[in-house]
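Below: one structure, written as structure tokens.
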Amino acid sequence: MSKSKKYRINFNGAYYNVRTGSYESRDGKNLTYAEASKDKWKCEKCSKKFPTFKLLINHKNEAHSY
């Protein structure tokens, strides 16, 4: 896999399952794409989820910096 480390660790993209008709992610099934996209990025320290990478970085800087 040629993706960078940030994508391998933090990215939790949802995939559409044609059989069930719902979006699925690593954490479980989601009913709509809006629900799936709001949990796209995950903080590895506290497991809090964010819709954008920028919000994840801001959270890490504010909550986990010393």
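The values are calculated or read from the model by the stated rules, or taken from the named source; none is laboratory data. The shown structure was predicted, so the numbers you read here are calculated from the model rather than taken from an experiment. A quick note on method: Cβ atoms are made from the backbone with ideal geometry, for glycine too, and the neighbour counts reach across all protein chains shown.
Residues that are modelled with pLDDT under 85, of a type outside the set (Gly, Ala, Ser) and part of a loop (DSSP other than H, G, I, E, B) within the range 21-43 comprise 26, 27, 31, 32, 39, 40, listed in sequence order.
How about the range 24-45: which of its residues are surrounded by 11 or more Cβ atoms within 10 Å (Cβ to Cβ) and of a type in the set (A, V, I, L, M, F, W, C)? If the condition is that a residue be surrounded by 11 or more Cβ atoms within 10 Å (Cβ to Cβ) and of a type in the set (A, V, I, L, M, F, W, C), then 36, 41, 43 are the ones that fit.
Pairs under 9 Å by beta carbon, first residue polar (S, T, N, Q) in the range 36-61, partner at pLDDT below 85 and surrounded by fewer than 15 Cβ atoms within 10 Å (Cβ to Cβ), six or more apart or different chains? Close Cβ pairs (under 9 Å, with a partner that is at pLDDT below 85 and surrounded by fewer than 15 Cβ atoms within 10 Å (Cβ to Cβ)) amount to 37/13.
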